[in-house]
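Structure first, commentary second.
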Amino acid sequence: MAQIGWIARRSVRRTLRQPALIVPVIVFPLFLLAVNASGLHAATKLPGFPTDNYLSFAMSVSFMQGALFAATTAGAELATDIETGFLNRLALTPLRGVGILVGQLAGAVLVALLASVVYLVVALIAGADLRSGAGRAVVLLALSTLIRIAFGAIGLVMAPRTGSSEAGRGLFPPGSAVFFLSAIHLPRNLIQTDWFRTVATYNPVSYMVEGLRSLVITGWDAQALALGFGIAAAIAALGFAGAARALRTRLTRT
């Protein structure tokens, strides 16, 4: 824990000193929220749509976009340490690989948590209806943070394998495609195209989105929350396992 704390403090300080890592994480998802809420409001008139307030429905898009930024930030920052030789110096210390990985993620998670609070406050001011109440807002922030940790772990896998910060930032386009092929913009039961609905059903992003969305629209859905938390935790575990293996290979080569 002490080792994680050392790396985490460095990660947080480095992130806070770079506005370019903070401003886009907050501004870009809010911009998309405004565009989607205004342009897709007519979707609420579809029979079976779960709410008459598309802003409430679209809140989850902001949280997921923030998670994608967490992936690119975590991967790029670790890759930068590889490029500058900082990781080589760490290899000469008794620092464990898990300390490096978890600590490196601290900056991205802190920014993600702050951004989540901003998303929630702005959406509520703009007219979103949080059916779950203030108590469930804490669960919403917890789930969004876990999702960001999961995506951040994916970013950590890329960094040791490529050693390039550009490769870490390159996760954004394929990540956006995966998001598009999910239930992020429309409930799965309302997707008319068969292949699209099938892909969205097998896409784990759909279940994380539905977990977030349930807290805003329905108030409490045990199944949606269990799937959301469970899938996010599984992705995080697999991501950290893959990152640890890649990091061991990188340190061995070093």
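Structure notes:
- Extended-chain gain in nm, criterion 0.36 nm per residue less alpha-carbon gap, K45 and E83: 8.5 nm
- Entry note: region 183-222 has Rg to Rh equal to 1.00, where both radii use alpha-carbon atoms and Rh is the Kirkwood radius.
- Once the chain from F172 to F28 is taken as fully extended at 0.36 nm per residue, the excess over their C-alpha distance is 50.6 nm.
- Summary value for the chain: 27 percent relative contact order, contacts being C-alpha pairs under 8 angstrom separated by 6+ residues.
- The alpha carbons of region 1-108 stretch over 62, 24, 18 Å along the principal axes, in descending order.
- For region 1-90, the relative contact order is 23 percent, taking Cα pairs closer than 8 Å that sit 6 or more residues apart in sequence and dividing their mean separation by the residue count.
- Computed on region 52-162, with alpha-carbon pairs under 8 angstrom and 6+ residues apart, the relative contact order is 56 percent.
- Candidate residues F180, F240: accessible-area rank, largest first, probe 1.4 Å: F180, F240
The values are calculated or read from the model by the stated rules, or taken from the named source; none is laboratory data. Bear in mind the structure is a predicted one, so any value in this text is a computation, not a measurement. Ligands, DNA and RNA are stripped out before the accessible areas are found, and what is left, the full protein with its side chains, is counted by its heavy atoms. Shrake-Rupley method; radii C 1.70, N 1.55, O 1.52, S 1.80 Å.
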